[in-house]
Amino acid sequence: MAALTAWKGELCQARKNQDMAWAEKEALEQAQNTSEQVAMERAPKVRGLRERLMQWEVQPAEEAEEQEMVPESGSLWAELEAVRWREDWLANEATLGHVGIL
């Protein structure tokens, strides 16, 4: 009888552990989905910034100076780099399955 009681206790503990593992897995999947969604939402902004930057790089320097766009190109570059870094970081965190990264 003692063996049966011990077995029931082990079975109960195994079920609790399984439930906890399942809940943790679901939380990690939700965090990954959220991270992927944020990255997908930000991708168009990154593309837009890249397009603007490419347009400015193609544009002759004299024309850019006439339109007073040269000073802004430095801040655009910094903004593009910040968005790229954040996008890479989010993708890495999502890949690793970290919870609560946002």
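The values are calculated or read from the model by the stated rules, or taken from the named source; none is laboratory data. Given the structure is predicted, the values throughout are model-derived calculations rather than measurements. Ideal geometry is used to build each Cβ from the backbone, glycine not excepted, and the neighbour counts take in all protein chains shown. Side chains included, ligands, DNA and RNA excluded: accessible areas come from the protein's heavy atoms. Shrake-Rupley method; radii C 1.70, N 1.55, O 1.52, S 1.80 Å.
Of note:
- With every protein chain in place, the stretch 1-46: carbon and sulfur % of accessible area (1.4 Å): 60 percent
- Within the shell of other residues whose beta carbon sits under 13 angstrom from the beta carbon of W89, the net charge comes to -1, with Lys and Arg scored +1 and Asp and Glu -1.
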